[in-house]
Amino acid sequence: MFRRRSETRRPTVSVTVEGRPIAVPVGASAAAAVLAAGFNSIRETAGGSERMPYCMMGICFDCLAEIDDVPNRQSCMVEVQEGMRICRQVGARRIHPAAG
Amino acid sequence: MTVELAIVGAGPAGMAAAVLAGELGLDTVLLDEQNSPGGQIYRAIERAAPDTPLGPDYLAGRPLAAALRASRVDYRPNTTLWHVDPDGTLFLENARRSETVTARRILLATGAIERPVPIPGWTLPGVMTAGAAQTLLKTADLVPEGRVVLAGQGPLLYLVATQLVRAGALPVAILETAPLDNYLDAAHYLGSLWPGRRLLTRGLGLVAAIKRAGVPIRRGVRGIRAVGRRTVDRIDWEGGELAANHLLLHEGVIPNIQISLALQLRHEWDETQLCWRPALDAWGQTSLPNIAVAGDGGGIAGAEAAALTGRLAALDAALWLGHIGEAERDARARPIRAALARERALRPFLDRLYRPSRAVMVPAEDEIIACRCEEVSVGQIRRAARLGATGPNQLKAFTRCGMGPCQGRICGPVVAAIIADVHGKPIAEIGTYRPRAPFKPITVGALADLEIPDLASGIKSETPS
């Protein structure tokens, strides 16, 4: 679990993680939103094991998530925007969002 | 669009190079994947509060970012470089649109990555790099909650520990993995201590602050494992264990060479820092005449040295593009080189003290996952090497190792070291993966809207009539 430092007064934006709303500081990444929301997994590998971000700098690709319906996005490299919808990526990414 | 100089990466090297290139009148574009300047070391520097727990060394990045903002440089944040042609064409993606920029000269300032630390359990949620925890503090004011253990070695490990102490997330322990022999090896380089005293004082200050805060430091720790069912709940090592919710790993940093490898620039194995780096001349010039490298991407020396090598590369680019003469380049470079020598003075000592142990380079346990993307274990890599795979690219075909989305960024060093170990050869003879475009995932849509007039006319002219 991660928590926001109580001393901070940075403005926030609202996003949802798996449908659950959370306020995160402006400039934070979608991966940070998932950690702040208390999730213990951001993706599940094709082999079924749970993962969380490892590097937070765009190298490891363990933070792949579905953001605003686009799968396979490096959530540590995507800045949060008001209303952004972040979902865990389970298994291999879908080829087309509409294909389900 | 055509520019004189394209710089890739807005960390200390890229920012310093861009500011100087702008001053010298070079038509310069600075491309960066992040939303604001700073790179990893000064990430989110423009948002930093003056009393940030990240401390004064972090705030030192502010003037550089301010100078960049004040310059005439075409700074492009949120821009991903997904391919580059050796002739100077850069393929970019921004907000899911692609475009190309052609540069007469390219400066790669892609910085460093943390060395992968393949220990049992390193894929468990709760395990991340020390740098990752620091990034969360820089960009989102987040600190790990519960029992935090830091493990590994190197200046960044102590820096992050100090920052967590200041941020109110007191670690329960630091497990230092530097082999005790390293202290003896480093003792041969005591001569670097006096010229490197400024950096040394800073480092000793960090260790003192950690001890004052009451965080125990264990030295010579071996055999670290992260244990837990769904998330980490315990850290084991030879002769000890600790309950923990977070394990922050760090075994030093290595050059980020993904793009320089893709360009097939000549690379050298650095036996002291145990990593590959592009072969460079004193100005950062690579084996291709129009491409240079500055900063930690050309060999690890730290943020201050990165800014200095960025300036040297900018001067050389200015000469190459006809903005200044050789005498002016050399005169301007003299004080920069003197400062660079001071910055690098402590390196020989640090490189020995924090040389990763053999267990970090070649993990002993077969069950450890080496390729996090394709979930390939150390044992599978060892078997493929025994079956005859002679290098990382061949092993990729045997096991899918390195074929996942990270394109071998994480497993590359591990795979090469295991193959070298199996065949009893030096890593220098084993080589590296050959990364290919796209360097980052792009949508088919972003690819499809790319307009390449030259390509279209080229295809037309080659069509037999």
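The values are calculated or read from the model by the stated rules, or taken from the named source; none is laboratory data. Just so you know, these numbers come straight off a predicted model, no measurement behind them. Neighbour counts run over all protein chains shown; Cβ positions are idealised from the backbone, glycine included.
Does B:G61 fit the bill of being under 24 Å from A:R51 (Cα atoms) and at pLDDT 95 or above?
It is false that B:G61 is under 24 Å from A:R51 (Cα atoms) and at pLDDT 95 or above.
Within the group B:I254, B:I291, B:I324, which residue is under 24 Å from B:P356 (Cα atoms) and modelled with pLDDT of 95 or more?
B:I254
Can you tell me which residue among B:G424, B:G404, B:G388 is closer than 14 Å to B:V376 by Cβ, of a type in the set (G, A, S) and either away from chain A (no Cβ under 14 Å) or out of contact with any Lys or Arg (no Cβ under 6 Å at 6 or more places or on another chain) (or both)?
On inspection, the qualifying residue turns out to be B:G404.
Looking at (1) assigned to a helix (DSSP H, G or I); (2) touching a residue at least 60 places away in the same chain (Cβ under 8 Å); (3) surrounded by fewer than 18 Cβ atoms within 10 Å (Cβ to Cβ), which is the only condition B:I259 fails?
(3)
Restricting attention to the stretch B:76-88, does a residue exist that is closer than 30 Å to B:G205 by Cα and not in a strand (DSSP E or B)?
There is no residue in the stretch B:76-88 that is closer than 30 Å to B:G205 by Cα and not in a strand (DSSP E or B).
Restricting the first residue to the stretch B:425-441 and requiring it to be farther than 11 Å from B:G391 by Cα and not assigned by TED's automatic domain parsing to the domain that holds B:P278, which pairs with a second residue that is among the polar types (S, T, N, Q) and surrounded by 14 or more Cβ atoms within 10 Å (Cβ to Cβ) meet a Cβ separation below 7 Å and a spacing of at least six or different chains?
B:P435/B:Q258; B:P435/B:Q407; B:F439/B:Q258; B:K440/B:T80; B:P441/A:N72
Taking the condition of a type outside the set (V, I, T) and closer than 20 Å to B:A10 by Cβ, does B:A292 pass?
Taking the combined requirement at face value, the residue satisfies it.
Any idea which of (1) at the interface with chain A (Cβ under 7 Å from one of its Cβ atoms); (2) touching a residue at least 12 places away in the same chain (Cβ under 8 Å); (3) buried (at least 24 other Cβ atoms within 10 Å of the Cβ) is the one B:D141 doesn't satisfy?
Answer for B:D141: the failing condition is (2).
Just to be sure, is B:A282 more than 21 Å from B:P356 (Cβ to Cβ) and either within 14 Å of another protein chain (Cβ to nearest Cβ) or not in a loop (DSSP other than H, G, I, E, B) (or both)?
When the stated conditions are applied, B:A282 does not pass them.
Which numbered condition trips up B:V215, out of (1) assigned to a loop (DSSP other than H, G, I, E, B); (2) among the aliphatic types (A, V, I, L, M); (3) in contact with a Phe, Trp or Tyr (Cβ under 6 Å, 6 or more places away or on another chain)?
With (1) assigned to a loop (DSSP other than H, G, I, E, B); (2) among the aliphatic types (A, V, I, L, M); (3) in contact with a Phe, Trp or Tyr (Cβ under 6 Å, 6 or more places away or on another chain) applied to B:V215, the lone miss is (3).
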